[in-house]
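Structure first, commentary second.
The values are calculated or read from the model by the stated rules, or taken from the named source; none is laboratory data. Worth saying up front: this structure is predicted, and the values here are computed from it rather than measured. We place every Cβ from the backbone using ideal geometry, glycine too, and count neighbours over all the protein chains shown.
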Amino acid sequence: MSSLVYKIHEYKVSSVLNNDRKVYGKKFLFDGKEETCWNSDQGSPQWVHFSFSSPVTITAIKLQFQGGFAGKECELGVLDHDRGDPDQDQPRTSAFHFSAEDNNSLQDFNLRDPLTGTHFYLNLTSSTDFYGRIILYNFDILGNVK
């Protein structure tokens, strides 16, 4: 099991705080630096869609939120990428539901049933922040290339 972050082909986020992509943009999700983060704008849900050029199997993820801005109800799943735009609500299969703790620690989430595919989503249905903002410092994806 190794990190799949460097094999990500494309990724999108639901929003960026005040559209300030230079400071809070999606590029900071997978940069591995402790001092940078993706900060969503307000509203729920927030999400990250990410894809690989060939199928992978995800066995675990690691997330590090800022306390007070963590995802409460979370879902990792496979997008049915053959139907429509991945930004639109579309059928989803094989989902892993979990709750994150509201703290600054790096949290490990091992999937009971590994997910295999090319297009995935992390849906943060609700936030510990009253306004629905998410601040994510670290997002690592562990698994294998098929």
Conditions (1) in a loop (DSSP other than H, G, I, E, B); (2) closer than 14 Å to ASN138 by Cα; (3) free of Cβ contacts under 8 Å to residues at least 60 places away in the same chain -> SER15 fails only (2)
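Quick check, is ASP31 out of contact with any strand residue (DSSP E or B) (no Cβ under 8 Å at 6 or more places or on another chain), under 23 Å from ASP129 (Cβ atoms), modelled with pLDDT under 95 and not basic (Lys, Arg)?
Spelling it out, ASP31 is indeed out of contact with any strand residue (DSSP E or B) (no Cβ under 8 Å at 6 or more places or on another chain), under 23 Å from ASP129 (Cβ atoms), modelled with pLDDT under 95 and not basic (Lys, Arg).
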When every residue in segment 122-146 that is of a type in the set (A, V, I, L, M) and assigned to a strand (DSSP E or B) is compared, the one nearest to VAL78 (Cα to Cα) is LEU122
SER127 vs. criteria crowded, with 20+ Cβ neighbours inside 10 Å and polar (S, T, N, Q): yes
Per the filter on segment 53-75, residues in contact with a Phe, Trp or Tyr (Cβ under 8 Å, 6 or more places away or on another chain), part of a strand (DSSP E or B) and farther than 17 Å from ALA95 by Cβ are LYS62, GLN64, PHE65
- [ ] Report yes if some residue within segment 44-51 is surrounded by 14 or more Cβ atoms within 10 Å (Cβ to Cβ), in a loop (DSSP other than H, G, I, E, B) and in contact with a helix residue (DSSP H, G or I) (Cβ under 9 Å, 6 or more places away or on another chain); otherwise report no.
- [x] no
Just one listed residue, out of LYS72, LYS33, is surrounded by fewer than 18 Cβ atoms within 10 Å (Cβ to Cβ) and closer than 12 Å to ALA100 by Cβ, and it is LYS72
With the first residue restricted to segment 106-120 and required to be within 18 Å of TYR11 (Cβ to Cβ), and the second required to be surrounded by 15 or more Cβ atoms within 10 Å (Cβ to Cβ) and aromatic (Phe, Trp, Tyr), Cβ contacts under 7 Å at 6 or more apart or on different chains are LEU115/PHE96; THR118/PHE52; PHE120/PHE50
Restricted to segment 1-30 and to residues being aromatic (Phe, Trp, Tyr) and within 13 Å of the chain's Cα centre (by Cα), the residue surrounded by the fewest Cβ atoms within 10 Å (Cβ to Cβ) is TYR11
